[in-house]
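The values are calculated or read from the model by the stated rules, or taken from the named source; none is laboratory data. Here the structure is a predicted model, which means the values were calculated and not measured. Heads up, the Cβs are rebuilt from the backbone with ideal geometry, glycines too, and the neighbour counts pull from every protein chain shown. What goes into the accessible areas is simple: the full protein's heavy atoms, side chains included, and nothing from ligands, DNA or RNA. Shrake-Rupley method; radii C 1.70, N 1.55, O 1.52, S 1.80 Å.
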Amino acid sequence: MPDQAGPRRVVIVGGGFAGLFAARALRRAPVAVTLIDRAQHHLFQPLLYQCATGILSEGKIASPLREVFKHYRNVECVLAEVTGLDPAARRVTARRPLGEPAEFGYDWLILAAGVQQSYFGHDEFARFAPGMKTIADARAIRSRVFGAFEMAESSADPGERQRWLTFALVGAGPTGVELAGQIREVATKTLRREYRHIEPEQARVLLFDGGSAPLAAFGSKLSALAARDLQKLGVERHMGSVVTAVDSRGLEVKNHDGSVGRHEAGTVLWTAGVEAPPLAEAVAAATGAERDRAGRIKVGDDLHPRPAGSFRAR
């Protein structure tokens, strides 16, 4: 039973696509919805790569959650990061922007916290190869990409100039393919006549992946189309290559034949793999829920954690 009078309480953790549509589905239900998100904006991640390359501004791909739900009288938005939960007491614990602790009671809990970048056990790569999951990530990448052209323009050494004009992307999934192609388009079209000492169209974009083809998870037909378009754009594909080291001047890879090679690059970007956020570990510890190799909570057909036990989540 709820521990307070009034409508049943639904807490939604995360303002991404899942959280957004869950709140919309409950807009006419006799419940009080609290949507908790650490960013307080809904981000359209499929277009994040265009923000990272200066094609779109942040406002074009992000909308304040309070603006999105301003006509939803039963939805309240809270800026906080959920850090744990107590299933028996039906409460989640959270941390507010300035570090203050907070608790939120619920009758039903919807976990939609999303994922974070995975470096497959090599978190030390993050210092030199940023990922792209947030607006802040896109800004950092945009600074690196356009900064690389500026560094090349001011360099008098031909080798150093070419290093700055070399961009390496790790991971040939949707993000890697889109970002690699966009960087080449920026170099060959947007910046083509912007500089006096370099020719931006000479920029090299290297795409690395341990698989045999880009977008392999989307089937052979779409993968072949992606490979064709990347080739047309001038993206250099290095399939069957596993990155073994990243530093401030480039990266090392182990090729499919077992050989190890090094590639000098002024900019290295990480577009490979995702894993569950820290909240998933807290949920598993509190509920006994099973997790997969990436740390994500395993669920059944009804989206209850497996095993669900007494934990009521929808």
Fraction of beta bridges assigned by DSSP in segment 169-280 that are antiparallel (%, nearest 5)
55 percent
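Using a cut-off of 9 Å between beta-carbons, work out the net charge of the residues near Leu206 (Lys and Arg +1, Asp and Glu -1, Leu206 not included). Let's see the in-between values first.
Working: positive: Arg204, Arg237; negative: Glu236.
Net charge around Leu206: +1.
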Checked against the positive end of the charge dipole of segment 232-314 (+1 on Cβ of Lys and Arg, -1 on Cβ of Asp and Glu, about the Cα centre), the farthest of Leu233, Val260, Val283 is Val283
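What number, in percent, do you get for the relative contact order of the chain if the mean sequence gap of Cα pairs under 8 Å and at least 6 apart is divided by its residue count? Walk me through the numbers before you get to the answer.
Numbers: 631 pairs, mean separation 54.8, N = 314.
With pairs under 8 Å counted, the relative contact order is 17 percent.
So how strong a dipole does the chain carry about its Cα centre when Lys and Arg Cβ are +1 and Asp and Glu Cβ are -1, to the nearest 20 debye? If you can, show how the numbers build up before the last one.
Numbers: 41 positive and 35 negative charges, 195 e Å.
Computed charge dipole of the chain: roughly 940 debye.
When ligands, DNA and RNA are left out and all protein chains stay put, how many square angstrom of accessible area per residue does segment 12-86 have with a 1.4 Å probe?
Numbers: 3790 Å² over 75 residues.
Value returned for segment 12-86: 50 Å² of accessible area per residue.
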Estimated FRET transfer efficiency (Val260, Gln202; beta-carbon r; R0 25 Å; 0.05):
0.40
Say a paramagnetic label sat at a point 7 Å from the Cα of Ala25, along Cα to Cβ; which residues of segment 273-297 have their backbone N under 20 Å from it?
297
Hey, could you grab the Kirkwood Rh for segment 84-187? Inverse mean 1/r over distinct alpha carbon pairs, Å, one decimal.
17.5 Å
To the nearest 10 degrees, how steeply does helix 278-287 sit against the main Cα axis of the chain, on a 0 to 90 scale?
30 degrees
How large, in percent, is the carbon and sulfur part of the accessible surface of the chain at a probe radius of 1.4 Å?
51 percent
Partners for Lys232 among lysines (Cα-Cα distance below 16 Å; same-chain residues under 8 apart left out):
Lys189
Report the trypsin sites (Lys or Arg not before Pro) located in segment 13-98 that are in a DSSP loop and have at most 15 other Cβ atoms inside 10 Å of their Cβ, or state none.
Arg27, Arg28, Lys70, Arg73
Setting aside same-chain residues fewer than 8 positions from Lys70, which lysines have a Cα under 28 Å from its Cα?
Lys60, Lys133
Cα pair count fraction exceeding 26 Å, expressed as % - the chain:
54 percent
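Could you rank Asp37, Asp301 by how accessible they are, 1.4 Å probe, largest area first? Mind dumping the intermediate values first?
Working: Asp37 25, Asp301 170 Å².
The ordering from most to least exposed comes out as Asp301, Asp37.
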How large is the dipole of segment 1-101 about the Cα centre if only Lys and Arg carry +1 and Asp and Glu carry -1, each at its Cβ, rounded to the nearest 20 debye?
360 debye
For labels at Lys221 and Arg291 in the simple 7 Å Cα→Cβ model, what's the distance in nm?
3.8 nm
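Just the number, please: percent antiparallel of the DSSP beta bridges in the chain, rounded to the nearest 5.
Values: 27 of 56 bridges.
Expressed as a percentage, antiparallel bridges in the chain total about 50.
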Whole-Hz ³J(HN,Hα) from phi, Karplus 6.51 cos²θ - 1.76 cosθ + 1.60, for segment 88-102, glycine and proline x:
5, 8, 6, 9, 10, 9, 8, 10, 7, x, 9, x, 5, x, 8
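Is the C-alpha gyration tensor of segment 167-304 telling us rounded, prolate or oblate? Criteria: a/c under 1.5 is rounded; beyond that, a/b larger than b/c is prolate, otherwise oblate.
Working: a/c = 2.08, a/b = 1.96, b/c = 1.06.
Since a/c reaches 1.5 and a/b is larger than b/c, the shape of segment 167-304 is classed as prolate.
Antiparallel DSSP bridges in segment 75-214: what percent, to the nearest 5? Kindly include the intermediate steps, with their values, before the conclusion.
On the way: 10 of 15 bridges.
Here the share of antiparallel DSSP bridges comes out near 65 percent.
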